[in-house]
Amino acid sequence: MTQIKINFRQAEFLTSAPTLAKCPADSGIEVAFAGRSNAGKSSAINTLTENKRMARTSKTPGRTQLINFFSLSDSQRIVDLPGYGFAKVPMEVKEKWQRHLEEYLRERQSLYGLILLMDCRHPLQDFDRMMLNWAQSCDMPVHILLTKADKLKKGPANNSLLKVRKELEPMADLVSVQLFSALKRTGLDLLQAKLNQWLTIDEKAEAEPEE
């Protein structure tokens with residue numbers, strides 16, 4: 001069957017939600033981007049959509065404190081989750097973010113998969129492992145972007161990729177990994193392919209003829 005391709009340039013900001021209750025209707029299918037506050041989530045989304053103003057970027061990590069939804073169609077969305085780790089905010093605010101984040105991840109029925117971003121120079125930090133453990137417990141697919149690959153030479157970047165893949169080999173049925181650079185657009189085609197696969201799964205299932 002022909003692969004249905006999404007035009008990510010058609011992405012439009014939908015809404016921001018502080019809690020699960022304020023999120024859009026829980027229908028269709030969505031993929032969430034998660035990562036530490038300095039992992040480059042907003043830059044990755046802006047590169048994906050070819051719109052530098054789609055997701056807010058800041059020199060001060062942790063500015064994204066809401067769950068931000070972007071529509072690709074009436075039934076397909078990508079979601080920018082609050083960054084975690086480097087934000088200079090009170091502990092009670094961080095704890096509140098984490099509660100809302102966990103609630104969204106555990107209860108959102110339309111959430112199909114997670115794009116987890118990690119700086120390729122410092123992968124698998126505590127927050128990354130927490131997200132991976134949660135995803136494994138929920139049987140949710142995860143695609144890891146090892147970001148800022150342009151900051152390393154080819155050899156060290158590939159070594160980082162191989163090291164992460166080796167450590168996560170027991171989760172290979174759920175987790176895939178790639179190098180990515182928003183600046184150089186390295187790995188953009190792989191990210192697009194993964195999102196096309198996940199976000200069109202319902203459409204492909206409906207198109208399959210019954211036995």
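Summary of values
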read-out	value
Qualifying residue in the stretch 145-166 (condition: in contact with a Pro (Cβ under 9 Å, 6 or more places away or on another chain) and under 27 Å from Pro18 (Cβ atoms))	no
Test: residue in the stretch 89-108 that is hydroxyl-bearing (Ser, Thr, Tyr) and at pLDDT 95 or above	no
Number of the exception - Lys184 against (1) in contact with a Leu (Cβ under 7 Å, 6 or more places away or on another chain); (2) surrounded by fewer than 16 Cβ atoms within 10 Å (Cβ to Cβ); (3) closer than 26 Å to Ala11 by Cα; (4) not aliphatic (A, V, I, L, M)	(1)
Of residues in the stretch 172-196 being among the aliphatic types (A, V, I, L, M) and in a helix (DSSP H, G or I), the one nearest to Ser137 (Cα to Cα)	Leu195
Scan of the stretch 4-60 for residues that are β-branched (Val, Ile, Thr), outside any strand (DSSP E or B) and modelled with pLDDT of 90 or more, ordered by number	Ile6, Ile45, Thr47, Thr49
Selected residue (criterion: modelled with the lowest pLDDT) from residues of the stretch 61-71 that are under 15 Å from the mean Cα position of the chain (by Cα) and surrounded by fewer than 23 Cβ atoms within 10 Å (Cβ to Cβ)	Thr64
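The values are calculated or read from the model by the stated rules, or taken from the named source; none is laboratory data. Just so it is clear, the structure is predicted and the values come from calculations on it, not from any experiment. A quick note on method: Cβ atoms are made from the backbone with ideal geometry, for glycine too, and the neighbour counts reach across all protein chains shown.
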